[in-house]
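Undergrad: Shown below is the structure under consideration.
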Amino acid sequence: MRSSSFPVRLTVAAAAATALVIPAGTAAGAAETAPAHGKGRSTCVTVSFIEQLVTTETTDAAPAGPSVGDVVITEDAVLDEDRNRIGTNDIQGVIIKQDAATGELFSFSTSKYTLDTGVIRVAGIVNLTRLAAGETQKLPAAGLKGRYAGKTGELTWTLVSATESLNSIKLCG
């Protein structure tokens, strides 16, 4: 375990501010209907939430500090806009690359969102340096159980502090 000036949150692709950003025209967890393609209509579900760090465990590979090979495992609380707990997110991430030209760090992470309404898996590569600078990251997502089963889409993730993020997952299928 280690501490660093580089926020521990940033070594994982996962993650709450005082306000919740909800895409225009939708409410948290709202179902929408996508345009018809071919035979049937696709039903989309968007869930927007605050994510808050609960626990973290870091394995620091040499050299000390954020570097290729570092592994972080976290558990996050998933909160609705009123900050009521609606689920958890279990995350495992590893820093896989540091760009030689820019110094930017990249992480490959997998997340399992276990929500009151189902289970969603997210996995992908996050530019940790840009995330730390306030840029939104997007990762592929797939619904596994409940109202999300069989749907695919994308997680939109914006870090707002070292321990909280604003997230939205849109799944269609």
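Undergrad: Determine which lysines satisfy two conditions relative to Lys97: a Cα distance under 24 Å, and not lying fewer than 8 residues away in the same chain.
TA: Lys112, Lys138
Undergrad: Report the relative contact order of the range 46-124, percent, no decimals, based on alpha-carbon pairs under 8 angstrom and at least 6 residues apart.
TA: 22 percent
Undergrad: Same structure again: Please report, as a whole percent, how much of the solvent-accessible surface of the range 61-128 comes from carbon and sulfur atoms (probe radius 1.4 Å).
TA: Whole-percent figure for carbon plus sulfur exposure: 54.
Undergrad: Pull out the extension gain between Thr55 and Ala149, defined as 0.36 nm times the separation in residues minus the alpha carbon to alpha carbon distance; nm, one decimal.
TA: Full extension from Thr55 to Ala149 adds 31.1 nm.
Undergrad: Taking the Cβ-Cβ separation of Thr117 and Ile73 as r and a Förster radius of 30 Å, what is the calculated FRET efficiency to the nearest 0.05?
TA: 0.75
Undergrad: Can you give the accessible area of Asp99 in Å² (nearest 10), computed on protein heavy atoms with a 1.4 Å probe?
TA: 40 Å²
The values are calculated or read from the model by the stated rules, or taken from the named source; none is laboratory data. A quick note: this is a predicted structure, and the numbers were derived from the prediction, not measured. Cβ coordinates were reconstructed from backbone atoms using ideal geometry, including for glycine residues, and neighbour counts include every protein chain displayed. These accessible areas exclude ligands, DNA and RNA; they are computed on the full protein's heavy atoms, side chains included. Shrake-Rupley method; radii C 1.70, N 1.55, O 1.52, S 1.80 Å.
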